[in-house]
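Student: First, the structure itself, so that you have it in front of you.
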Amino acid sequence: MIEENLRKVRAHIPQQVTLVAVSKTKPNSSIMAAYQEGQRSFGENKVQDLAAKAEVLPKDIQWHMIGHLQSNKVKFIAPFVHLIHGVDSFKLLKEIDKRAKQHDRIIDCLLQVHIAKESSKFGLGLEELKHLLSSSLDLKHVAVKGFMGMATYTSNTSIIEKEFAYLKQIFSQFQKTNQELQILSMGMSGDYSLAIEHGSTMVRVGSAIFGSRL
């Protein structure tokens, strides 16, 4: 079932777009089913789950931290995390830099931009984004590789399209002066096709692969 779902999702995703299989709440057996099908990028939203799974699952898995990350938990994933999505403060960026230095590595990050109508979603405004991006240049052990955004949870596709188009516009604008920015992460199970149409280079797909959350 998981293998078949994964093949179906992949059939709709261009080769240049990275598929992150969102494995949060799913057992290791489900992750291994996707792994056997060739999937290597997996996303978790809780530090304790991410650390526990990374310890026992194959070492060539690229783990993505996709949930809201608290500064005091960075140390648990700093040795191995592949990409941290959703950085929305300099405090967090500084902590990631500090912990990455301790492990003699550079940790790739995405800055989370607020594009949704819901105020409950995290993310930076345009001025905050500019400030954080310029501040990040002083940090030697983090690399800001792009932006991430979550669209409004709605069945109105025109709202979602506008939000994706807005984030793509911001991304393109910043890319002109910063060649490091290569990743635009937007799109989930319900809207990843729309996101790809609007320039997403990375999609986070969970239920379309693993089925509904437990």
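Nothing in this text is a laboratory measurement; each read-out follows from the coordinates by a stated rule. Being a predicted model, the structure only gives us computed values, none of them experimental. Reconstructed Cβ throughout: ideal geometry from the backbone, glycine too, with neighbour counts over all protein chains shown.
Student: Highest mean first, how do 169-180, 149-160, 201-212 rank when packing is the count of other Cβ atoms within 10 Å averaged over residues? Please list the in-between numbers first.
Tutor: Working: 169-180: 13.3, 149-160: 16.4, 201-212: 20.2.
Packing proxy ranking, top to bottom: 201-212, 149-160, 169-180.
Student: Also, quick follow-up: I need the phi-derived Karplus couplings for the range 184-191: 6.51 cos²θ - 1.76 cosθ + 1.60, θ = phi - 60°, integer Hz, Gly and Pro marked x.
Tutor: Once θ is set to phi - 60°, the couplings for the range 184-191 become 10, 9, 8, x, 10, 3, x, 9 Hz.
Student: Could I ask something else about it? If each residue of separation counts as 0.36 nm, what is the full-extension length gain between GLN48 and SER207 once their alpha-carbon separation is subtracted?
Tutor: On the way: separation 159, 0.36 × 159 = 57.24 nm, distance 2.09 nm.
Here the answer is 55.1 nm.
Student: Cα extents of the chain along the three principal axes, largest first, in whole Å?
Tutor: Largest to smallest, the principal-axis extents are 46, 44, 30 Å.
Student: Given R₀ = 30 Å, FRET efficiency for VAL56-PHE122 by Cβ-Cβ distance, to 0.05?
Tutor: Here the calculated transfer efficiency is 0.50.
Student: For LYS91, what charge total do you get from the other residues with a beta carbon under 12 Å from its beta carbon, if Lys and Arg give +1 and Asp and Glu give -1?
Tutor: Working: positive: LYS94, LYS98; negative: ASP88, GLU95, ASP97.
Net charge around LYS91: -1.
Student: Hey, another quick one. Taking R0 as 25 Å, what's the FRET efficiency between GLU161 and THR25 from their Cβ-Cβ distance, rounded to 0.05? Please list the in-between numbers first.
Tutor: On the way: r = 29 Å, r/R0 = 1.15.
E between GLU161 and THR25, to the nearest 0.05, is 0.30.
Student: Give LYS8/LYS117; LYS73/LYS140; LYS73/LYS168; LYS73/LYS145; LYS98/LYS130; LYS73/LYS176 a once-over and call out the pairs whose C-alpha atoms are over 27 Å from each other.
Tutor: Numbers: LYS8/LYS117 30 Å; LYS73/LYS140 20 Å; LYS73/LYS168 30 Å; LYS73/LYS145 21 Å; LYS98/LYS130 22 Å; LYS73/LYS176 34 Å.
Cα-Cα > 27 Å for LYS8/LYS117; LYS73/LYS168; LYS73/LYS176; rest within.
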